[in-house]
Amino acid sequence: MRRYLIGLLGNDAELQKALHEMVDRMTERLIATVGLRIEAMPAARRFILVRAALGPIRAAVMREHRLVGTRELEDELVRLMLFLLEPDPAKSS
């Protein structure tokens, strides 16, 4: 999607900012959906939460990998998100 938007609109600072803001909003919504307070999650984890899923999706689509659209890939992405959404064990002690 990013490549399509850049091709369509150009690669300028405003577009880059808009794309990063969109990912940040997706992250905030995901955190809220599972009932966590955004402040309870470390900033670094908030930064990588959605980006961690977008990387493998992007790679699979670009390579036209056999896993694109499969339950197997979806399950692994869900596992990854659930892991990242777990409370920080260091803070719960």
Could you count how many residues in region 17-60 are of a type in the set (A, V, I, L, M) and without any contact (Cβ under 8 Å) to a residue 12 or more places away in the chain? 7
Restricting attention to region 71-85, and to residues there that are over 21 Å from Ala32 (Cβ atoms) and in contact with a helix residue (DSSP H, G or I) (Cβ under 9 Å, 6 or more places away or on another chain), which single residue is surrounded by the fewest Cβ atoms within 10 Å (Cβ to Cβ)? Glu76
Which one is modelled with the highest pLDDT, of the residues in region 30-57 that are open to solvent by 80 Å² or more (accessible area, probe 1.4 Å) and more than 11 Å from the chain's Cα centre (by Cα)? Thr33
Going through region 63-91 one residue at a time, which ones are assigned to a helix (DSSP H, G or I) and over 17 Å from the mean Cα position of the chain (by Cα)? Arg63, Arg71, Glu72, Pro89, Ala90, Lys91
Only one residue in Glu21, Glu86, Glu76, Glu72 is acidic (Asp, Glu) and under 25 Å from Tyr4 (Cα atoms), so which one is that? Glu21
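The values are calculated or read from the model by the stated rules, or taken from the named source; none is laboratory data. All values reported here derive from a predicted model rather than from experimental measurement. Cβ sites come from the backbone with ideal geometry, for glycine too, and all protein chains shown count toward neighbours. Accessible surface areas use protein heavy atoms only, side chains included; no ligands, DNA or RNA. Shrake-Rupley method; radii C 1.70, N 1.55, O 1.52, S 1.80 Å.
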